[in-house]
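Single-structure report; data block below.
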């Protein structure tokens, strides 16, 4: 799939994984186009926190907040259902695939919000059967 597949028509919203957001912050035009073409842009609070964790100073923190706001990317909070679904994913997949807590919670956020996850890290999520993945290639 192309970068534009993340913003394909016929869907109400797309949840963007941390990797795609990082691509945009680094100036990748394909990633920026995927966000521009999405009907409604979402991301998980976990992805937001991962972006903040990578900031090196206050200027980068402001850049991250401005980027999300300027692009109209809504940050989805954790809910009880997301937490429960994420823990189920961990129980089912941690031994076989070494799934991370962050990936389990991001996947759970997409599934609970009934939106596809736009990511270039398909291998992180491929074992989750009820997750729709919109593959991104930079």
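The values are calculated or read from the model by the stated rules, or taken from the named source; none is laboratory data. Treat the numbers as computed from the prediction; the structure is a model and nothing was measured. Cβ atoms come from the backbone with ideal geometry, glycine included; neighbour counts cover every protein chain shown.
All of 21, 95 fail the test of being loosely packed, with under 14 Cβ neighbours inside 10 Å and part of a helix (DSSP H, G or I), apart from 95.
Is there a residue in the range 48-57 that is surrounded by 19 or more Cβ atoms within 10 Å (Cβ to Cβ), closer than 20 Å to residue 120 by Cα and touching a strand residue (DSSP E or B) at 6+ places or on another chain (Cβ under 7 Å)? Steps first, answer last, please.
Pass one, the range 48-57, residues surrounded by 19 or more Cβ atoms within 10 Å (Cβ to Cβ): 48, 51.
Still in the running and closer than 20 Å to residue 120 by Cα: 48, 51.
Checking the rest, the ones that are also touching a strand residue (DSSP E or B) at 6+ places or on another chain (Cβ under 7 Å) come to 48.
Yes, the conditions are met somewhere in the range 48-57.
Looking at this structure, is residue 88 surrounded by fewer than 14 Cβ atoms within 10 Å (Cβ to Cβ) and either modelled with pLDDT under 95 or touching a helix residue (DSSP H, G or I) at 6+ places or on another chain (Cβ under 9 Å) (or both)? Spelling it out, residue 88 is indeed surrounded by fewer than 14 Cβ atoms within 10 Å (Cβ to Cβ) and either modelled with pLDDT under 95 or touching a helix residue (DSSP H, G or I) at 6+ places or on another chain (Cβ under 9 Å) (or both).
Candidates 56, 137: the one that is outside any helix (DSSP H, G or I) and touching a residue at least 60 places away in the same chain (Cβ under 8 Å) is 137.
When residues in the range 24-44 are screened for being under 20 Å from residue 102 (Cα atoms), touching a residue at least 60 places away in the same chain (Cβ under 8 Å) and either surrounded by fewer than 16 Cβ atoms within 10 Å (Cβ to Cβ) or in contact with a helix residue (DSSP H, G or I) (Cβ under 6 Å, 6 or more places away or on another chain) (or both), 1 of them pass.
With at pLDDT below 95 and out of contact with any strand residue (DSSP E or B) (no Cβ under 7 Å at 6 or more places or on another chain) as the only criterion, which of 137, 122 stands out? I'd like the intermediate steps shown before the answer.
Working: 122 fails: out of contact with any strand residue (DSSP E or B) (no Cβ under 7 Å at 6 or more places or on another chain).
So the residue among 137, 122 that is at pLDDT below 95 and out of contact with any strand residue (DSSP E or B) (no Cβ under 7 Å at 6 or more places or on another chain) is 137.
On the given criteria, is residue 104 free of Cβ contacts under 8 Å to residues at least 24 places away in the same chain and either closer than 14 Å to residue 20 by Cβ or part of a helix (DSSP H, G or I) (or both)? Steps first, answer last, please.
On the way: free of Cβ contacts under 8 Å to residues at least 24 places away in the same chain: yes; either closer than 14 Å to residue 20 by Cβ or part of a helix (DSSP H, G or I) (or both): yes.
Against the criterion (free of Cβ contacts under 8 Å to residues at least 24 places away in the same chain and either closer than 14 Å to residue 20 by Cβ or part of a helix (DSSP H, G or I) (or both)), residue 104 qualifies.
Does residue 75 qualify as being free of Cβ contacts under 8 Å to residues at least 40 places away in the same chain, touching a strand residue (DSSP E or B) at 6+ places or on another chain (Cβ under 8 Å) and surrounded by 12 or more Cβ atoms within 10 Å (Cβ to Cβ)? Judged against the criteria, residue 75 is a match.
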